[in-house]
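To keep things clear, I will list the structure first and then write my remarks on it.
Taken together, the values in this text are just the output of simple stated rules run on the coordinates, not laboratory data. Given the structure is predicted, the values throughout are model-derived calculations rather than measurements. Glycine also receives a Cβ, built like all others from the backbone with ideal geometry; neighbour counts cover every protein chain displayed.
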Amino acid sequence: MNFVKASLKNRQVTITVFLMMFAFGIYSLITMPRREDPKITIPAGLVVAYFPGADVTQVEDQVTSKIEEYLFQFEEVRKDKTYSITAEGVTEIHVW
């Protein structure tokens, strides 16, 4: 027996299920928190450090590695969700 035939045959069950779903939808709509400006937390960060006059190796050794070492102390920061870009005198560390 397919779904449509069963729904037509058992009309009381179909109406009861529909009314329960409708009541639950109204209840959810009433109790759902609403704000004009909802709070949205995006767990991401960007660290940019400038080291004028330094080459890539100096920036990597003296800046990038120390910042990454500090960031990885937090359990929320995972190495697979972090990447860094090091150029002459600048490092960017992206954290998700």
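Side notes on the structure shown:
- Dipole of the chain, positive direction: furthest Cα of P52, P38, M20, with charges on the beta-carbon: M20
- The aspartates and glutamates whose alpha-carbon is closer than 20 Å to the alpha-carbon of K81, local same-chain residues fewer than 8 away aside, are E60, E68, E69, E92.
- Cα pair distances of the chain binned at 10 Å [whole percent]: 13, 23, 14, 11, 13, 13, 10, 5, 0
- Range in the chain, longest, excluding exposed trypsin sites (Lys or Arg not before Pro) [loop by DSSP; at most 12 other beta-carbon atoms within 10 Å]: 40-77
- Whole-number percent relative contact order across the chain, with pairs defined as alpha carbons under 8 Å at least 6 apart: 30 percent
- Taking the Cα centre of region 45-95 as reference, the dipole from Cβ charges on Lys and Arg (+1) and Asp and Glu (-1) amounts to some 120 debye.
- Modelled FRET efficiency - R0 41 Å, E76 with M21, Cβ distances, 0.05 increments: 0.60
- The angle between the Cα long axis of helix 11-31 and the main principal axis of the chain comes to about 40°, on a 0 to 90 degree scale.
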